[in-house]
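A short worksheet on the structure shown next.
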Amino acid sequence: MNLKRTFAVTKRVFRDIRNDKRTIALMLLAPIFAMFVFGVAFSGDVTNVNVIIVNHDQGLQTPNGTISLSNNIISNLNTSVLNIQYMDDENAAVTQIENGKDYAVIIFPENFTQNAYMGLTNPSSGLNTQITIRDDESIPNIKNAIQGNVAGAITTTIQNQGIKSPVTINSDAIYGKNAQFIDFFVPGIMAFVVYLLTTLLTLLAFVGERTSGTLGRLLSTPLRESEIVLGYAIAFGIIGTIQAAFLLTVALLVFKIIVVGNVLLAFLVIALLAVVSQALGILLSSLAKREGQAVQFIPFIILPVFLLSGIFWPIQAIPTWLRPFSYLVPATYAVDANRAVFLKGWGLDKIWPDILALIIFAIIFLLLAILYLKRRTD
């Protein structure tokens, strides 16, 4: 293999890209656009949820005045999360939920405060009380926000009353202290965007060169198949690293993500993924005779990495029988390594299994891509 000819192929790839403004826009603007869309869509918390409070509680008369635990709990609800309105008729409130105008009815029963205090001061009385939440649970995130907010308000109210729980939790983070979902999400979306764009660009480029006859002319020159494939690998490895740099810049400046480890190591992971992706694109191009057929591969490129690589939810949340397939998706290893670098500060000594897996994928795909081109020349 002649390195000079290999780099000549790399130079040619960049020259073709320079003359195609749409490709430049796709490579540079599409990742930034994707980061903004996904970042804005997934970084926000649930807010302004319409709920109704029906409070039947009459409070408790004491020598110092009336005490109302229900009012105290209501005052501790987070009004940025819950948009509260009050009603007296429980049935009318439930009708609001059924009609889709509100998400939940929070009901405080009669003698709520009295029973609660008697239960606390005299545990043997057997008295207890409960708050009833009748809600629309068709959207789990909203349900969790409502129930979590009410639970937090109850805890705060009890603490304000001077009642301490006998059991507390002391959380001491080893990794990811103060990390938000966006910090978990960005390393994954970087790998996803580079994998998707690199595979598609290579697939469409090779199909286009084959239909135009350019690939045939290249193969008729002294260039070897390995030099063509490796030339593309170097070019798209560089492009993938540039895309990762753009994505990281947006993530740092706009979304303020946490970066604990060595950013250059994360770039190495992305560059390896880009090499794997371009080799996969060459392989897929062997199954498409024209660009229209190449587009049909998009679902098969997107869905496995979207669903199985842990970008949007942990692999542990995937059904057990499906998890082994996650490790057949190259992006899984890039996502895992990137998160370890960004959030845990891990170095090469700990993420080497992920890098080794990417190298193995790259070698296998590159060899298969070279064999595919050799088969075409034979």
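The numbers here are math on the coordinates, done by the rules we state, and not lab data. Since the structure is predicted, the reported quantities are computational estimates derived from the model, not experimental observations. All Cβ positions, glycine included, derive from the backbone under ideal geometry; neighbour counts span all protein chains shown.
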**Asked** In nm, to one decimal, how far is the modelled label at residue 287 from the one at residue 161, with both set 7 Å along Cα→Cβ?
**Response** 6.4
**Complete:** The relative contact order of the chain, taking Cα pairs under 8 Å that sit 6 or more residues apart, comes to a percentage of 19
**Straight-distance crosslink candidates among lysines, where the alpha carbon sits under 28 Å from residue 374 and sequence neighbours closer than 8 are dropped** = 4, 11, 289
**Complete:** Here the net charge surrounding residue 337, from other residues whose Cβ is less than 11 Å away from its Cβ (Lys, Arg +1; Asp, Glu -1), is +1
**Asked** If you add up the charges near residue 230, with Lys and Arg at +1 and Asp and Glu at -1, over every other residue whose beta carbon is less than 15 angstrom from its beta carbon, what do you get?
**Response** +4
**Asked** In nm, to one decimal, how far is the residue 141 label point from the residue 4 one, both placed 7 Å along Cα→Cβ?
**Response** 5.7
**Prompt:** At 222 nm, what helix-only mean residue ellipticity would the chain give, in deg cm²/dmol to the nearest 500, using -39500 (n - 2.57) for each DSSP H run of four or more?
**Reply:** -20500 deg cm²/dmol
**Prompt:** Taking amide hydrogens as modeled 1.01 Å from N in the peptide plane, which residues meet the under 5 Å criterion relative to residue 81, leaving out close sequence neighbours?
**Reply:** 48
**Prompt:** Mean Kyte-Doolittle of at least 1.0 and a Cα length of 27 Å or more along the axis: which whole DSSP H helices of the chain meet both?
**Reply:** 21-43, 181-212, 225-253, 263-285, 348-377
**Message:** Only bridges whose two residues both fall in the chain count here: according to DSSP, what percent of them are antiparallel, nearest 5?
**Reply:** 40
**Prompt:** Say each of residue 327 and residue 132 gets a label point 7 Å from the Cα, pointing the same way as Cα to Cβ; how far apart are those two points in nm?
**Reply:** 5.0
**Distance from region 258-289 to region 61-112 (C-alpha centre basis), Å** = 53
**Fill in**
Row for the chain, column shape: gyration tensor on C-alpha, a ≥ b ≥ c, rounded if a/c < 1.5 i.e. under 1.5, prolate if a/b over b/c, else oblate; value prolate
**Request:** Read phi for every residue in region 68-77 and hand back ³J(HN,Hα) as whole Hz from Karplus 6.51 cos²θ - 1.76 cosθ + 1.60, θ = phi - 60°, with x for Gly and Pro.
**Result:** 10, 5, 4, 5, 5, 5, 4, 5, 8, 5
**Message:** Can you return the lysines within cross-link range of residue 344? Criterion is Cα-Cα under 25 Å, with same-chain partners fewer than 8 residues away left out.
**Reply:** 177, 256
**Asked** Under a 5 Å amide H to amide H cut-off, with H placed in plane at 1.01 Å, what residues pair with residue 59 once short-range neighbours are removed?
**Response** 111, 112, 113, 114
**Asked** Using 0.36 nm per residue, how much length does the chain from residue 28 to residue 312 gain when fully extended, once their Cα-Cα distance is taken away?
**Response** 100.0 nm
**Item:** Where the Cα pairs of region 47-158 fall when distances are cut into 10 Å bins, in %
**Value:** 14, 44, 30, 11, 1
**Prompt:** Taking amide H positions as placed 1.01 Å from N in the peptide plane, with prolines and chain starts having none, which residues 5 or more places from residue 105, or on another chain, fall under 5 Å of its amide H?
**Reply:** 52, 134, 135
**Prompt:** DSSP beta bridges in region 46-160, what fraction antiparallel, as a percent rounded to 5?
**Reply:** 40
**Complete:** For region 291-367, the convex hull over Cα atoms projects on average to an area in nm² of 6.5
**Request:** Sort the following peptides by mean Cβ neighbour count (other Cβ atoms within 10 Å, averaged over residues), highest first: 198-210, 65-77, 272-284.
**Result:** 272-284, 198-210, 65-77
